[in-house]
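Nothing in this text is a laboratory measurement; each read-out follows from the coordinates by a stated rule. Because the structure is predicted, anything quoted here is derived from the model rather than measured. Please note: Cβ atoms are built from the backbone with ideal geometry, for glycine as well, and neighbour counts cover all protein chains shown.
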Amino acid sequence: MTMQQLDPPLPVHVLDKGPGFAFAVIDYGQEYNLIWVTAINETGEIWCAPNPKVRMQANWTMGRKAPPAVVARQNGDCSGDAEPVRAEPIAKPN
């Protein structure tokens, strides 16, 4: 198990909790998700969220839009049926 303090903290969105700042990451090994230790902006609560529940916040200056899972929840859709992000495989050069 390793724990890494993030300096500076990263602005993230924890699904079902809201936006906050991740200030540490816990790695229990290859059979487990990373755990993001996050302070939630609105409530001040500290949550340890598994990797599948954490998204980067939108950043206009970097051209990063809000992830579809976050946008759906902000629009009132809490069903979890939002269209997932599809990643295209990239061919490795030889």
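Within the range 32-47, whose backbone N sits under 16 Å from a point 7 Å along Cα→Cβ of Phe23? Counting backbone N atoms under 16 Å from the label point, the list is 36-47.
Based on the reciprocal of the average 1/r between different C-alpha atoms, the Kirkwood radius for the range 35-74 equals 11.5 Å.
Under the convention that each Lys and Arg Cβ holds +1 and each Asp and Glu Cβ holds -1, the size of the dipole of the range 2-56 around its Cα centre is about 120 debye. The largest-to-smallest principal axis extents of the Cα set in the range 2-56 are 32, 23, 17 Å.
In this structure the amide hydrogen of Glu45, modeled in the peptide plane, comes within under 5 Å of the amide hydrogens of Ile40, none closer than 5 places in sequence on its chain.
In the neighborhood of Pro11, defined by Cβ-to-Cβ distances under 13 Å, what is the net charge if each Lys or Arg adds +1 and each Asp or Glu adds -1? Counting the neighbours of Pro11, the net charge comes to +2.
Would you mind calculating the relative contact order of the range 10-75 from Cα pairs under 8 angstrom and at least 6 residues apart, reporting the percent as a whole number? Write down the numbers at each step before the final one.
Numbers: 116 pairs, mean separation 18.5, N = 66.
So the answer I get is 28 percent.
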